[in-house]
Amino acid sequence: QVQLVESGGGLVQPGGSPRLSCAASQSIFSINAMGWYRQAPGKQRELVAAFTADSSTNYAASVKGRFTVSRDDGKNTLYLQMNSLKPEDTAVYYCFAFYRGSMYWGQGTQVTVSS
């Protein structure tokens, strides 16, 4: 079982550049896929960015060029660098890991973009 703990959310001004972190309870080197979803009020959860099984990255069209997903295998941590934030980026951001056929989720971290 993989436990994931997100951090780094909060209230951010438009144009801000926070970084989210997702600490895993085990080595992430062998995790098949890992990334970030988000869910805004009244909307479905959507994929934001992820590393796939072949270590390539995928991004939602709405964040491409503004967000960057990265990982530090030595620290068992996944990151999401968010730049040029917009109010429509307001959501709960969830880290996920797909490992040995099961999906694991963090508890989520709220990101609110507002002046």
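Quick rundown of the values:
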{"read-out": "Top-ranked residue of the range 17-56 - restricted to ones that are within 12 Å of the chain's Cα centre (by Cα) and of a type in the set (S, T, N, Q), ranked as nearest to residue 98 (Cα to Cα)", "value": "21"}
{"read-out": "Filter pass, residue 21 being among the small types (Gly, Ala, Ser) and within 15 Å of residue 109 (Cα to Cα)", "value": "yes"}
{"read-out": "Every pair of residues 6+ apart whose Cβ atoms lie under 7 Å, when the first sits in the range 98-112 and is assigned to a strand (DSSP E or B) while the second is open to solvent by 80 Å² or more (accessible area, probe 1.4 Å) and among the hydrophobic types (A, V, I, L, M, F, W, C)", "value": "112/11"}
{"read-out": "Scan of the range 12-45 for residues that are over 12 Å from residue 79 (Cα atoms), in contact with a Phe, Trp or Tyr (Cβ under 6 Å, 6 or more places away or on another chain) and buried (at least 18 other Cβ atoms within 10 Å of the Cβ), ordered by number", "value": "31, 37, 38"}
{"read-out": "Cβ pairs under 8 Å, 6+ apart, first in the range 61-76 and in contact (Cβ under 8 Å) with a residue 24 or more places away in the chain, second assigned to a helix (DSSP H, G or I) and open to solvent by 40 Å² or more (accessible area, probe 1.4 Å)", "value": "62/88"}
{"read-out": "Failed item in (1) farther than 22 Å from residue 104 by Cβ; (2) open to solvent by 40 Å² or more (accessible area, probe 1.4 Å), with residue 66 passing the rest", "value": "(2)"}
{"read-out": "Residue match in the range 74-85 (condition: more than 19 Å from residue 4 (Cα to Cα), at pLDDT 95 or above and within 13 Å of the chain's Cα centre (by Cα))", "value": "yes"}
{"read-out": "Single residue of the range 78-92 satisfying the filter (over 13 Å from residue 9 (Cβ atoms) and of a type in the set (D, E, K, R)) that is most open to solvent (accessible area, probe 1.4 Å)", "value": "88"}
{"read-out": "Pair list, Cβ under 7 Å, 6 or more apart: the range 11-26 residue touching a residue at least 24 places away in the same chain (Cβ under 8 Å) and at negative phi, other residue open to solvent by 20 Å² or more (accessible area, probe 1.4 Å) and of a type in the set (D, E, K, R)", "value": "14/86"}
{"read-out": "Enumeration of residues in the range 47-56 that are loosely packed, with under 14 Cβ neighbours inside 10 Å and in contact (Cβ under 8 Å) with a residue 12 or more places away in the chain", "value": "52, 53"}
{"read-out": "Any chance residue 9 is at pLDDT below 95, closer than 19 Å to residue 114 by Cβ and open to solvent by less than 50 Å² (accessible area, probe 1.4 Å)", "value": "yes"}
{"read-out": "Extreme residue, nearest to residue 55 (Cα to Cα), among residues of the range 93-115 that are touching a Pro at 6+ places or on another chain (Cβ under 8 Å) and open to solvent by less than 60 Å² (accessible area, probe 1.4 Å)", "value": "111"}
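The values are calculated or read from the model by the stated rules, or taken from the named source; none is laboratory data. From a predicted model like this one, the values you see are computed outputs, not experimental measurements. So basically every Cβ, Gly included, is an ideal-geometry build from the backbone, and we count neighbours across all protein chains shown. The accessibility values were calculated without ligands, DNA or RNA, using every heavy atom of the protein model including side chains. Shrake-Rupley method; radii C 1.70, N 1.55, O 1.52, S 1.80 Å.
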